[in-house]
Amino acid sequence: MASKLDTEVSAILLGHEVEGIAQTILSYGVDNIYLIDHPSLCEFNDERYANAIIELVNRYRPDIFLLGATVRGRSLAPRIASALNTGLTADCTQLDIDPEKKILLQTRPAFGGDLMATIICPECRPQMATVRPGVFEVSKYEGKMAGKIIKPEITIFDSKIEILQYIQDTTESFDISEVDIIVAAGRGLGEKKNLKLVEELASMIGGQVGASRAIVEAGWIDRSHQIGQSGNTVSPKLYIACGISGAIQHMVGLKSPGIIIAINKDINAPIMKAANYAFVGDAVEILTMIINEIKKRGVISRYK
Ligand code: FAD
């Protein structure tokens, strides 16, 4: 996008003793890093971080300012946008530059995911958006560092937020966004116990289990497995959808998948349009057949 605008890419890095991270970021082709290294930024504090960013944005006046739609990004972005009196498009799944007007085209699912809306911010600056993790490919690690590290002086404000204690999250932590092979389950599996087949196939071919929201809401599986608009964005090389209809809210979570194989009893299910290969029939029967066939032949995944 920066090359379409004939401009530079800059990053902001806040923290304490993080100069090493700045070097790594430069290796990905960033032109400038604004590094604020201060002991009071050691721990994430959205009030203090937002104030630091607002000061930097007011000083350097970027045309576009993007944040990840992560827990921290989602907390910072609205604070920053409201202080700067500009717009913010949250959770974008696609970004581009309008070739004529040279403005940011911010695309995200709207109306419950039934359509993709492209939002613009023609007057206020910066144009701000958060972007879902996993939506864009990570740029190539170059290793060479042509960009510069800039260390601006800024005011570190007091914060009304005090961190009293950290409590370790002991719930299952699982990141499906980087997985290459996903065998995903939907309501068409009929019952929770049939998930075992999906788990078995996934483990045989070196994959992980994905899920539609329907089965997450039914309590069959943890939300960390959910793929789609209100779940995770994934870009696997192989996606096997078992008993999943392929609703738009599910499909927006599949970013440039390699091969899609659908197993569904309904040949007209929306997933069939996206699938490269399809099995039409009962998911439990077909999964059992595939698993038995792999066992018989001793096939090992080519994707491993
Ligand atoms: P269903 O829609 O019930 O589809 C089941 C499929 O299984 C059907 O195609 C059926 O033909 C097939 N089937 C039935 N029996 C069998 C059988 N015996 N063998 C083989 N196939 C069979 N959904 C998501 O997945 N992820 C999201 O992040 C998400 N976010 C949402 C956000 C919003 C704001 C809204 C409004 C909805 C969201 N949804 C999301 C829900 C989405 O609209 C669908 O309701 C959901 O994806 C349906 O899940 P499913 O395909 O498992 O179930």
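The values are calculated or read from the model by the stated rules, or taken from the named source; none is laboratory data. Nothing here was measured: the structure is a model prediction, and the numbers come from that model. All Cβ positions, even for glycine, are placed from backbone atoms using ideal geometry, and neighbour counts span all protein chains on display. Accessible surface areas use protein heavy atoms only, side chains included; no ligands, DNA or RNA. Shrake-Rupley method; radii C 1.70, N 1.55, O 1.52, S 1.80 Å.
Those residues that are open to solvent by less than 80 Å² (accessible area, probe 1.4 Å) and touching a strand residue (DSSP E or B) at 6+ places or on another chain (Cβ under 7 Å), I need them from the stretch 63-79; list them, please.
Those that are open to solvent by less than 80 Å² (accessible area, probe 1.4 Å) and touching a strand residue (DSSP E or B) at 6+ places or on another chain (Cβ under 7 Å): 63, 64, 65, 66, 67, 68, 69, 73, 76, 77, 78.
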Could you run through the stretch 214-237 and say how many residues are within 24 Å of residue 92 (Cα to Cα), more than 10 Å from the ligand (Cβ to nearest atom) and buried (at least 19 other Cβ atoms within 10 Å of the Cβ)? 4
Quick check on my filter: what residues within the stretch 232-252 are more than 15 Å from residue 276 (Cβ to Cβ) and outside any loop (DSSP other than H, G, I, E, B)? 232, 234, 242, 248, 249, 250
Identify all residues within the stretch 246-269 that are open to solvent by 70 Å² or more (accessible area, probe 1.4 Å) and more than 8 Å from the ligand (Cβ to nearest atom); write none if there are none. 256, 267, 268
Identify, by number, the condition in (1) touching a residue at least 12 places away in the same chain (Cβ under 8 Å); (2) open to solvent by 20 Å² or more (accessible area, probe 1.4 Å); (3) farther than 15 Å from residue 154 by Cα that residue 59 doesn't meet. (3)
Apart from one, (1) open to solvent by less than 20 Å² (accessible area, probe 1.4 Å); (2) near the ligand (Cβ under 10 Å from one of its atoms); (3) modelled with pLDDT of 95 or more all hold for residue 187; the odd one out is (1)
Among (1) near the ligand (Cβ under 9 Å from one of its atoms); (2) farther than 30 Å from residue 95 by Cβ; (3) open to solvent by 20 Å² or more (accessible area, probe 1.4 Å); (4) out of contact with any strand residue (DSSP E or B) (no Cβ under 6 Å at 6 or more places or on another chain), which single condition is residue 289 missing? (1)
If we keep only residues of the stretch 198-209 that are open to solvent by 30 Å² or more (accessible area, probe 1.4 Å) and touching a helix residue (DSSP H, G or I) at 6+ places or on another chain (Cβ under 9 Å), then the residue farthest from the ligand (Cβ to nearest atom) is 204
Of the residues in the stretch 50-97, how many are part of a loop (DSSP other than H, G, I, E, B) and at pLDDT 95 or above? 6
